[in-house]
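Read the structure below first, then the notes.
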There are 2 protein chains.
Amino acid sequence: MATLADVARRAGVSAATASRVINGSAKPVADELRGRVLRAVDELHYVPNAHAQLLARADRVAVGVIVHDVSDPYFAEITRGLQKVATEHGRLCIICNSYRDPDRELAYVDLLRAQQVAAIVLTGSGYHDQRFTRLLNAKLRAYEQTGGRVAAIGRHMHAGDSVLPGNEEGGYLAGAELFRLGHKRIGVVAGPKVLTTTTDRLTGLRRAAKEFGRTIGPRRVVYADFDRDSGAAAAATLLDSSPTLTAIAALNDAMAIGVLATLRERGLSVPGDISVIGFDDMPIARDVVPPLTTVHLGMPELGMRAMALALGKPARAPRTERLPATLVRRTSTGPPP
Amino acid sequence: MATLADVARRAGVSAATASRVINGSAKPVADELRGRVLRAVDELHYVPNAHAQLLARADRVAVGVIVHDVSDPYFAEITRGLQKVATEHGRLCIICNSYRDPDRELAYVDLLRAQQVAAIVLTGSGYHDQRFTRLLNAKLRAYEQTGGRVAAIGRHMHAGDSVLPGNEEGGYLAGAELFRLGHKRIGVVAGPKVLTTTTDRLTGLRRAAKEFGRTIGPRRVVYADFDRDSGAAAAATLLDSSPTLTAIAALNDAMAIGVLATLRERGLSVPGDISVIGFDDMPIARDVVPPLTTVHLGMPELGMRAMALALGKPARAPRTERLPATLVRRTSTGPPP
DNA sequence: TCGCTGGAGGAAAGGGCTTTCTTCGGCTGG
DNA sequence: CCAGCCGAAGAAAGCCCTTTCCTCCAGCGA
């Protein structure tokens, strides 16, 4: 790989001059030399070594993003927002998939620190795991002390700024909608138990139940994995144990789609026999049949806000922005039969 | 940010010794010193500067990936395969979105070279653009000459290894299926004209037509953007200009879903009034109503193969792997009314 | 004509790390 | 008892680049 020295030698100038030409430095360079340098760059296909540049300049240009899995549409949407703002700031994104493994997440924080990223954005639910939370916070605080910026999406209790989607509020909206329609026996397809997103949404659902003088018993809640197939399986479990359910609330749209598949398979009509409500308002939600009533969260917006916090002016104290949840009524919900 | 020198000072050893302990060098270090170093690392939250390491070691650890847009499900699926293999090889992926802008793609190749990546994987359709192709190939070849590896997915004519999905073959399968069912007036919702993926799939479709003694006239082909909304709009255009169509072939599933939406809106039943066939077999294809007949490509597999080529043993000559397309029959297709 | 000034180019000092090459101390064998 | 060795630790070079600080020379005014 050609180095700056190679370019300088070929152009018959010093490395300093070559560097100045290549980086468009303020210092003037005679046109004659400039031309020779540019020609050498071209001929050698020279590209400056970004690592050496970083070492010499000591300005951090990349930002790190840790998500559960970019190929999951939920995170893909958020990532789109993150990337947009990062690109606007001229930053390169390094994306790491933790696959919901806390240890991998910790390892990635170190890796990103090692990469000298200007900021780390943590995306996706926190865990109900004391040890992990403590370790993570220690790492993040150490990182912040060296000038690193931290922002998180959908996590309480951690170092740095955060953007919080209305998970509890959305759960409430979904629950209230079903109870308002007159449903009395509601099943819930929840996400993994260890995720705070799951518990937050569930809490909202329960608050709605309480308000309508009802409860959602533990047997009416089945924990799944936030993906389509586990949602389908959970719906089957739910229907087997409580055949008289008139509505199922899934804590995300992917699982809601799985629920719809199970219902179709069993010849149950939606919302005639049973209502289904989702969560997240993924783009596909309007294209399934029936179109899914769901809770809109604005994932790209979450990403944009978080990245804006991470790359904007640092604040004295950690900031928290909340993004409200809104209900999107489509046709997968209706009154009980 | 703590440096190796800080750690060494705190531990009362030389930087050389500290480095050896931290990297688990083969050279033996007394337990006493080792302990002091490790303690210092811990106390200072020391993480080695990856850029300085890279500079000193000169071994490339990251790999670069250029995709059109990770948040597009098609690329998300491919990326999953790429990441999987990269992670297995202990490599970090740097993902760049070109948003189908050839100039941005060229810029990213330079950026990735600057990052000293071990390999560059280009994902997604090539362009019918001589200037671009020439420039890109020059860059890639220069990169390969310095020991860089290149692999591409779904592109002909370029430097490096490649994995080719059966685009032409898939187009043929889709067309043959429709003609075999007895359709005579078929509309096509195509992707952007400049993409080779579009023309390849279209070529396959036309080959099928020819084989059944028919042609697909230019007025029966509407070019859209490979996304849901443009697919919906294209279907509307098609139906307005040729109201007697009995089938629509969309060149990807996202557009097929848009087509279904338009048909639903117009009160046309699928496949009763009109058949719809997609392409890609995205996960969601089985969950729309009616479930989409489509061409299966195996996107994660494409990604895995490409990354395996890029990270495996280099070959003397460029290798090309082909992945066959297969037809997945669901219920969005049937005989014409 | 000489002393200055200012401008253009180069030398060299980092920046943080790895690794080769040295050094030094303690041990073994003659 | 001393030469010679070996093993462990440290000194220093080098990776590639940026940038400060110098140097040198031309041109200007006195």
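Nothing in this text is a laboratory measurement; each read-out follows from the coordinates by a stated rule. Keep in mind the model is a prediction, meaning the values are calculated, not measured. Every residue, glycine among them, receives a Cβ derived from its backbone with ideal geometry; neighbour counts consider all protein chains shown.
Quick notes on this one:
- At q = 0.08, 0.11 Å⁻¹, base-10 log of I(q)/I(0) for the protein assembly as shown (Debye sum, equal scatterers on each alpha carbon): -0.70, -1.19
- Straight-line reach from B:Lys210: taking Cα to Cα under 30 Å and skipping same-chain neighbours fewer than 8 places apart, the lysines in range are B:Lys184, B:Lys193.
- Distances from B:Gln145 to itself in the other copies, using label points 7 Å out along the Cα-Cβ axis, amount to 4.9 nm in increasing order.
- Backbone phi angles across the range B:76-87, fed through the Karplus curve with coefficients 6.51, -1.76 and 1.60 (θ = phi - 60°), yield HN-Hα couplings of 4, 5, 4, 4, 4, x, 4, 4, 4, 5, 4, 5 Hz in residue order; Gly and Pro are listed as x.
- √(5λ) per eigenvalue of the Cα gyration tensor, the range A:214-337, largest first, Å: 33, 15, 13
- Cα centroid separation, the range B:154-192 to the range B:213-270 (Å): 16 Å
- At 7 Å out from Cα toward Cβ: B:Thr87 inter-copy label distances (nm, ascending): 2.5
- Set of lysines near B:Lys139 by C-alpha distance (under 22 Å), chain-local residues within fewer than 8 positions excluded: B:Lys313
- Alpha-carbon Rg with Dmax, taken over chain A, Å: 25.7, 86
- Per-residue Karplus couplings for the range A:284-299, computed as 6.51 cos²θ - 1.76 cosθ + 1.60 with θ equal to phi - 60°, are listed in order as 6, 4, 7, 9, 7, 10, x, x, 7, 6, 7, 9, 8, 10, x, 4 Hz, Gly and Pro entered as x.
- Highest-MSF residue in chain B out of B:Leu106, B:Leu178, B:Leu33 [GNM, Cα springs under 10 Å]: B:Leu33
- Taking N as its residue count, the alpha carbon Rg of the range B:169-240 over 2.2 N^0.38 Å: 1.05
- Pseudo-label separations to other copies for A:Glu301 - Cα-to-Cβ vector, 7 Å, nm: 4.1
- Degrees, to the nearest 10: B:196-211 long Cα axis against longest axis of chain B: 30 degrees
- The protein assembly as shown: antiparallel DSSP beta bridges as a percent of all, rounded to 5: 10 percent
- Taking amide H as placed 1.01 Å from N in the peptide plane, the amide H of A:Thr293 sits under 5 Å from that of A:Gly278, A:Arg330, A:Thr331, A:Ser332, A:Thr333, each at least 5 places away or on another chain.
- Cα centroid separation, the range A:27-105 to the range B:278-334 (Å): 30 Å
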